[in-house]
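Chemist: Got a structure for you, written out below as structure tokens; questions coming shortly.
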Amino acid sequence: MKVVVVPKFILPMGYGLTLYKLVLVRKDSQDLPYVIAHESKHVEQWTRIGFFKFPYLYIKECVAKGYWENKYEMEARYYGRMNRDKYMEYMK
């Protein structure tokens, strides 16, 4: 996983974005360790489910249930809450 910290104009709609093993996070995030932990779960989902299959299933889930009830987002939010301390090194 490669984490790149970017300015707000790169990610105006959210605090993190995962593109396979590349994670973009906004530097103005108030809880950077949480955002990175959350996005790292998406990296795991993408590699476990498949390069083409995961984005398809993610979008399908968003269309069917919405962003907040998307099972992949719910799993990532839980992982972010439970594992944010593992990513404190990014606060340096």
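The values are calculated or read from the model by the stated rules, or taken from the named source; none is laboratory data. As the structure is a computational prediction, the values presented were derived from the model and not from experiment. A quick note on method: Cβ atoms are made from the backbone with ideal geometry, for glycine too, and the neighbour counts reach across all protein chains shown.
Chemist: So residue 13 clears everything in (1) of a type in the set (A, V, I, L, M); (2) more than 19 Å from residue 86 (Cβ to Cβ); (3) modelled with pLDDT of 95 or more except one condition, right? Which one?
Modeler: (3)
Chemist: Can you tell me how many residues in region 60-81 are of a type in the set (Phe, Trp, Tyr) and assigned to a helix (DSSP H, G or I)?
Modeler: Number of matching residues: 3.
Chemist: Go through region 55-83 and give me each residue that's farther than 17 Å from residue 43 by Cα and surrounded by fewer than 15 Cβ atoms within 10 Å (Cβ to Cβ).
Modeler: 60, 63, 64, 65, 66, 67, 68, 69
Chemist: Out of the residues in region 9-18 meeting the condition of being surrounded by 12 or more Cβ atoms within 10 Å (Cβ to Cβ) and of a type outside the set (Ser, Thr, Tyr), tell me which one is farthest from the chain's Cα centre (by Cα).
Modeler: Only one residue tops the list, namely 10.
Chemist: Limited to region 43-92, what total is found for residues that are charged (D, E, K, R) and under 12 Å from the mean Cα position of the chain (by Cα)?
Modeler: Residues meeting the conditions: 4.
Chemist: Residue 2: in contact with a Lys or Arg (Cβ under 8 Å, 6 or more places away or on another chain), of a type in the set (Lys, Arg) and under 15 Å from residue 87 (Cα atoms), yes or no?
Modeler: yes
Chemist: Here's a follow-up. Just the residues that are surrounded by fewer than 20 Cβ atoms within 10 Å (Cβ to Cβ), over 12 Å from residue 90 (Cβ atoms) and touching a Lys or Arg at 6+ places or on another chain (Cβ under 9 Å), please, taken from region 27-42.
Modeler: 28
Chemist: Another question, then. Going through 25, 35, 63, 43 one at a time, which residue ends up being farther than 15 Å from residue 3 by Cα and at pLDDT 95 or above?
Modeler: 63
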